[in-house]
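Notes follow the structure.
The values are calculated or read from the model by the stated rules, or taken from the named source; none is laboratory data. Remember, predicted model here, so these are calculated numbers, not experimental data. As a convention, Cβ positions derive from the backbone with ideal geometry for all residues, glycine included, and neighbour counts pool all protein chains shown. These area figures cover heavy atoms from the full protein model, side chains too; ligands, DNA and RNA do not enter into them. Shrake-Rupley method; radii C 1.70, N 1.55, O 1.52, S 1.80 Å.
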Amino acid sequence: MIRSNIILLSGLIYLCACTGKVTLPDIDISVTDDGVVALPENVPDVFKQYFVKYTKVIAPNGKPIHILAQDGWTNDQIKHGRNVLEHILTNYEGSVYGNDKSLVANSMSDQKATMVFFNTEPDLEKAFDEGLGFATDLSMQDLRANECTAVGSEDYMNHITRDASYEEIWHLVHDYGIKPTLPKMIKEMRVANDVAEKNGWKGWPEDEPQEHPNEYMGVLIDNYYDLWKIMPKLYEGREIAEMGRRKDRSDHGQSFEGKSHFGRYFANSRFSMKEKDPLGHNVIENYFHPYLTFTPELPENFKGVFSMEFDKNVSYTYKSQHLLGVTIKGDNNVALIGNNYDNKMNGNQGDNSFQGNGGNDIIDGAKGVDTAVYRGPAADYKINILENRIEVVDNNPDRDGKDTLINMESGEFVDQVVSFSNNNIH
């Protein structure tokens, strides 16, 4: 059990004067390459009792939005959660509510908004039964390891686990950022939710209708990024197909076809949401980018092909089609395939291939012997060898766009391979 709200460590007391509750000290995350650090010794015992890792997002006011994680979380999962948080807080220029999100982020940091990454639901319940929520001055929202899947992991590539990170991290942003600063957005959410409920959306918790717009937005976000177009297999380790038996979550055994979130919502993709729930689609587009603004790092043991190009026969591409870029880690040979956005692709120490497809892409092969792949014959492209980069411009305006290549050894066209060496084309 938690012994005290005042915890003395190394001669320092991390106590909030206004509440009498313990708080987190400033924690330096720059000491690791990925910004995920072991929880330092100088934090109060109540945090070390439950968590072992830490990272954060810095708001424009210079204050942190914290992320605490238990030992069952991989660094890749933690980074994915941080990426999602940063994405939700990234300005969306020209949008109705997201043009300047600094007030949202600052409000969160002022209230010490914190994601707490527990291993499982029982771990969460144990911590709060023992008084974690009362002992600290943090404003917390939970996410469990068995409901978060890192981009490029085996789980992600096989579309196994329902990724709840977008929904749960949205709840943190909503409660401590959106509600205090964007009242017009809150009203629009309520109107859209009420119309959706009339059309078949089963809001929850059923006994807390005031929370339905918040939960509804989480559902919309998932569908906007096509996380349910192909239904995931597991929810917190349980078969989603069996969720129809759970009265609190499902549509009581009816078919989930064309629906999402255990049958509670009547659409299951961005396309169907726009068609069946235009008010919900509009409120999402008034704040959220149509693409994912973060660049995930694939796990170091990743090998083979990772595609951001949509392929209806490859389940993970329903999700990855919304990415703007990817970074490869480690030294395995990997093939990256882009989409029609302006992609940013970063290589590793292996011998990699990069197919940018449409858009104006920036591709850095890094180390190894790397190849840029194109869909036309070499004569269709203008190749400029510059001092620190290579520019490849497709003369066909509807194909491969303009690529900027860095640390790239060759270009593979449909009719030949062109070597880039000593500022000459061979």
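Based on what the data block shows, is ASP311 free of Cβ contacts under 8 Å to residues at least 12 places away in the same chain, within 21 Å of ASP398 (Cα to Cα), assigned to a loop (DSSP other than H, G, I, E, B) and not basic (Lys, Arg)?
For ASP311, the condition - free of Cβ contacts under 8 Å to residues at least 12 places away in the same chain, within 21 Å of ASP398 (Cα to Cα), assigned to a loop (DSSP other than H, G, I, E, B) and not basic (Lys, Arg) - is met.
Got a sec? Which of GLU206, GLU188, GLU211 is without any contact (Cβ under 8 Å) to a residue 60 or more places away in the chain, open to solvent by 30 Å² or more (accessible area, probe 1.4 Å) and part of a helix (DSSP H, G or I)?
GLU211
Just give me the residues in the stretch 355-374 being open to solvent by less than 30 Å² (accessible area, probe 1.4 Å), over 14 Å from VAL393 (Cα atoms) and charged (D, E, K, R), in sequence order.
Hit for the stretch 355-374 is ASP370, nothing else.
Could you please let me know if ASN146 is open to solvent by 30 Å² or more (accessible area, probe 1.4 Å), over 28 Å from PRO60 (Cα atoms) and not charged (D, E, K, R)? Talk me through it step by step, then tell me what you get.
Working: open to solvent by 30 Å² or more (accessible area, probe 1.4 Å): yes; over 28 Å from PRO60 (Cα atoms): yes; not charged (D, E, K, R): yes.
In short, yes.
Please tell me if VAL104 is buried (at least 20 other Cβ atoms within 10 Å of the Cβ) and β-branched (Val, Ile, Thr).
Spelling it out, VAL104 is indeed buried (at least 20 other Cβ atoms within 10 Å of the Cβ) and β-branched (Val, Ile, Thr).
For the stretch 17-32, what are the residues that are open to solvent by 20 Å² or more (accessible area, probe 1.4 Å) and either outside any loop (DSSP other than H, G, I, E, B) or modelled with pLDDT under 95 (or both)?
The answer is ALA17, CYS18, THR19, GLY20, LYS21.
Could you tell me whether the stretch 154-163 includes any residue that is assigned to a loop (DSSP other than H, G, I, E, B), open to solvent by less than 10 Å² (accessible area, probe 1.4 Å) and under 23 Å from LYS56 (Cβ atoms)?
The answer is no; no qualifying residue exists.
I'd like to know if the stretch 377-391 contains one or more residues that are closer than 13 Å to SER410 by Cα, open to solvent by less than 40 Å² (accessible area, probe 1.4 Å) and assigned to a loop (DSSP other than H, G, I, E, B).
no
Can you tell me how many residues within the stretch 33-48 are free of Cβ contacts under 8 Å to residues at least 60 places away in the same chain and either under 24 Å from the mean Cα position of the chain (by Cα) or surrounded by fewer than 18 Cβ atoms within 10 Å (Cβ to Cβ) (or both)?
Residues in the stretch 33-48 being free of Cβ contacts under 8 Å to residues at least 60 places away in the same chain and either under 24 Å from the mean Cα position of the chain (by Cα) or surrounded by fewer than 18 Cβ atoms within 10 Å (Cβ to Cβ) (or both): 11 in total.
Considering only the stretch 87-106, how many residues are outside any helix (DSSP H, G or I) and either within 18 Å of the chain's Cα centre (by Cα) or not acidic (Asp, Glu) (or both)?
Here the count works out to 11.
Could you list, in sequence order, the residues of the stretch 107-123 that are surrounded by fewer than 20 Cβ atoms within 10 Å (Cβ to Cβ) and outside any loop (DSSP other than H, G, I, E, B)?
ASP110, GLU121, PRO122, ASP123, listed by residue number.
Regarding the stretch 390-405, can at least one residue be identified that is more than 35 Å from the chain's Cα centre (by Cα) and aliphatic (A, V, I, L, M)?
no
Given the structure, is ASP142 within 27 Å of GLU239 (Cβ to Cβ), of a type in the set (D, E, K, R) and assigned to a strand (DSSP E or B)?
Against the criterion (within 27 Å of GLU239 (Cβ to Cβ), of a type in the set (D, E, K, R) and assigned to a strand (DSSP E or B)), ASP142 qualifies.
Among what's in the stretch 323-347 and is open to solvent by 10 Å² or more (accessible area, probe 1.4 Å) and of a type in the set (A, V, I, L, M), pick the residue that is nearest to PRO290 (Cα to Cα).
LEU324
Check the stretch 269-287 and report whether any residue there is among the aromatic types (Phe, Trp, Tyr) and surrounded by fewer than 18 Cβ atoms within 10 Å (Cβ to Cβ).
Yes: one or more hits.
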